[in-house]
Each structure stands twice: as structure tokens, then as C-alpha cells.
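One structure is given below, encoded as C-alpha cells.
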Amino acid sequence: PQTIRDAILMTRSLGVFYLWIDALCIIQGSDDRCESARMADVYGNACFAIIAARTKSVNDGFFGP
């Protein structure tokens, strides 16, 4: 999907070698309390976070007009 491709492009252009994508790495639709309790561990050492909030779907991408 384009949003994931854009995230890969952004991290590569900044010289970051690792990318965590919630939709691929966090169990979706399960008992959210179990996963949300681990968020400090997941994001605690992040360089930055990409939030594609204005996209309507994962296919939209976030590099746009």
C-alpha cells in the first residue's frame, strides 16, 4: 500500500534502518488492553513517529499535494 511505501521512502531518506508499522506488528482486533500496555516498550526508543492521520486509507499515501 502507498502509505507504507511512503513510510519506507521517508525512513530511508533520513538514514533510518528500522521501521515499525503498527498494522503489521501489533495484533489488531484482539484484546487491545494487552497490546496497549506494551506501547511504552514499542515507542520508548523511537527516533520519530510517522502519523498518517489525514489519509482515508492505507492506499492513499501521505506524500501528496
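The values are calculated or read from the model by the stated rules, or taken from the named source; none is laboratory data. Here the structure is a predicted model, which is why all the values come from computation and not from measurement. Here Cβ is always computed from backbone atoms with ideal geometry, including for glycine, and neighbour counts include all displayed protein chains.
Among the helices (runs of 4 or more DSSP H) confined to the chain, the ones with at least 2 residues that are modelled with pLDDT under 85 are located at 22-25, 32-36, 39-43.
Looking across the range 38-65, just one residue is surrounded by 10 or more Cβ atoms within 10 Å (Cβ to Cβ), over 12 Å from GLN2 (Cβ atoms) and over 14 Å from the mean Cα position of the chain (by Cα), and that is ARG38.
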